[in-house]
Amino acid sequence: MAKVADDDGGLAVAARWALRGLGSTYPNPSVGAVIVKRGRIVGAARSAATGGPHAEVRAIAAAGRDCRGATLYVTLEPCCHHGRTGPCTEAIVTAGLTRVVVGLRDPAAHASGKGLAQLRRAGIEVVLAPLGAAHSVHEHYLHHVRTAVPFVTLKAAVGIDGRIAVHTGDSKWITGEPARRDGHRLRAQHHAIAVGVGTVISDDPGLDVRLVRGVSPIAVVFDTRLRSVGPKLRRAILRPGTLVLHGADAPARAVARVRATGAEPIVIATDRHGRVDVADALAELGRREIRSLLVEGGGTLHGAFVRAGAWQRWVVYVAPRILGQGPALCDGVEWPRVADAPRLLRESVGRLGDDLRCDYVPRPQARGTRARRS
């Protein structure tokens, strides 16, 4: 069995286990749990899909009798309430674990601090040792609990000139297979995935997970006037489970056609430009307990999210191509001076074959800054 030198090491291993399940446990967070005895890992697990056993229970089962006198490392505070499964705190006490190191307190009102208190009352030593990796793996869950709206990741593939397609609209394929595979992995890590009506009409995307193993996210279409449906028109994305966000003035016949596909039409308020309002859309998705949303575009939808200041991460795959006079990455956004354009924080850069993956987050002072539409 692998060795663990200290609490940070134990939590880091637990975070890696949690990452393995990211995207497969929604709406529950993907938790990682590791049991260590005399410096060696004797059991490790991640959360099962919603309705299945939590990470702590699975790790306890893996460790068996070695739990007695051992330390449990877990990325998120163990639950102490009855839900789809029994309380993890009871399983921890029964297993004979004597020490529990937790990466994050659960921010949910029904849980926060209660699991830790129950373990302490049972005589178990509890250590809250915040670790950056635990925050990262649970950022979707933490954001939704704190704000009641999904964590938003913008995602696009571009040439070095910032274009997302050539002038004819063709965009297959800008990046190579390693980057496309990574993009599908990103899909699998999110609860829902969104595109605008322009992308549906031009590309007819399926928005499923194909190039890696994982759960396909819920498909969401922003289509104010329901232009994506017609009397004899079938779209791959219009299927049971898809959410189609539209304005109140969308034609009744189009609404009926969406329902006939099995997709769900949802009325959303429109903004001053007459398009589906991003803030109202996110509020509706949040009420449906959708924890995270991957926005794949196109440029008009990206621009709407940027204008609304409604995103938490931007993942850009940059290919060594010159696409020329094609659609822009972020349409409808303008700044009077370069000094007014927000400077982002580059979180990471990685190479994927001939392409680059660049992850950006807003700078604290830039949050909420809105661009002016042309």
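Could you work out the local net charge near Gly162, counting Lys and Arg as +1, Asp and Glu as -1, over the other residues with Cβ closer than 13 Å to its Cβ?
Summing Lys and Arg as +1 and Asp and Glu as -1 gives 0.
How much of the DSSP bridge set in the chain is antiparallel, in percent, rounded to the nearest 5?
45 percent
Would you work out what percent of the accessible area of region 126-199, with all protein chains in place, is carbon or sulfur (probe 1.4 Å)? It would help to have the intermediate numbers written out before the result.
Numbers: 1570 of 2870 Å².
Whole-percent figure for carbon plus sulfur exposure: 55.
Calculate what fraction, in whole %, of the accessible area of region 2-109 sits on carbon and sulfur atoms when a 1.4 Å probe is rolled over the protein chains.
50 percent
Looking only at Gly115, Gly196, Gly350, which one moves most when the chain is put into a Gaussian network model with springs between Cα atoms under 10 Å?
Between Gly115, Gly196, Gly350, it is Gly350 that shows the largest mean-square fluctuation.
How large is ³J(HN,Hα), in whole Hz, for each residue of region 96-101 in order, when computed from phi with the Karplus curve 6.51 cos²θ - 1.76 cosθ + 1.60 and θ = phi - 60°, using x for Gly and Pro?
Once θ is set to phi - 60°, the couplings for region 96-101 become x, 5, 10, 8, 10, 10 Hz.
Explain nothing, just compute: Karplus ³J(HN,Hα) = 6.51 cos²θ - 1.76 cosθ + 1.60, θ = phi - 60°, for every residue of region 337-350 in order, whole Hz, x for Gly and Pro.
My calculation for region 337-350 gives 9, 4, 4, 7, 6, x, 9, 8, 9, 7, 7, 6, 9, x Hz in order.
I'd like to know which of Gln312, Thr98, Val166 lies farthest towards the positive end of the charge dipole of the chain, counting +1 on Cβ of Lys and Arg and -1 on Cβ of Asp and Glu.
My answer, from the dipole projection, is Thr98.
Taking the chain as the reference, fit the longest principal axis to its C-alpha atoms, fit the long axis of helix 177-188 to the helix C-alpha atoms, and give the angle between the two in degrees, 0 to 90, nearest 10.
Approximately 70 degrees, to the nearest 10.
Pick from Ala108, Ala148, Ala156: which is most flexible by mean-square fluctuation in a GNM of the chain where alpha carbon atoms under 10 Å apart are linked?
Ala108
What's the magnitude of the charge dipole for the chain around its Cα centre, counting Lys and Arg as +1 and Asp and Glu as -1 at the beta-carbon? Answer in Debye, nearest 20.
For the chain, the charge dipole is close to 360 debye.
Where the centre of each part is set by its Cα atoms, how far does region 145-182 sit from region 259-277, in angstrom?
Between the Cα centres of region 145-182 and region 259-277 lies a distance of 23 Å.
Which one, Gly262, Val349, Ser202, projects farthest toward the positive side of the charge dipole computed for the chain from Cβ point charges (K/R +1, D/E -1)?
Positive-end residue among those listed: Gly262.
For P(r) over Cα pairs in 20 Å bins from 0, in percent, the listed values are [x] 28, 60, 13, 0; [y] 30, 61, 9; [z] 27, 51, 21, 1; which was obtained by calculation from the structure presented?
[z]
Heavy atoms only, probe 1.4 Å: what % of the accessible area of region 251-330 goes to carbon and sulfur, would you let me know?
About 50 percent, which is the carbon plus sulfur part of the accessible surface.
Around Ala45, what is the net charge, scoring Lys/Arg as +1 and Asp/Glu as -1 over all other residues with Cβ under 13 Å from its Cβ?
Result for the neighbourhood of Ala45: +3.
Suppose all protein chains stay in the model; what accessible area per residue would a 1.4 Å probe give for the chain, in Å²?
47 Å²
Among Gly39, His81, Ala63, flag the residue with its Cα farthest along the positive direction of the charge dipole of region 10-100, charges on Cβ as +1 for Lys/Arg and -1 for Asp/Glu.
Gly39
Around Leu128, with a cut-off of 15 angstrom between Cβ atoms, what is the net charge of the other residues, counting Lys and Arg +1 and Asp and Glu -1?
Values: positive: Arg99, Arg105, Lys114, Arg120; negative: Asp7, Asp8, Glu77, Asp106, Glu125.
Surrounding charge for Leu128 is -1.
Residue-wise, which Karplus ³J(HN,Hα) couplings in Hz belong to region 46-57, taking 6.51 cos²θ - 1.76 cosθ + 1.60, θ = phi - 60°, and x for glycine or proline?
10, 4, 7, 4, 3, x, x, x, 6, 4, 4, 5
So which residue, out of Thr153, Thr300, Thr98, gets the largest mean-square fluctuation from a GNM of the chain using Cα contacts under 10 Å as springs?
Most flexible of the set in this elastic network: Thr98.
The values are calculated or read from the model by the stated rules, or taken from the named source; none is laboratory data. Everything quoted here is computed from the prediction, not taken from an experiment. Neighbour counts run over all protein chains shown; Cβ positions are idealised from the backbone, glycine included. Heads up: the accessible areas ignore ligands, DNA and RNA and are worked out on the full protein's heavy atoms, side chains in. Shrake-Rupley method; radii C 1.70, N 1.55, O 1.52, S 1.80 Å.
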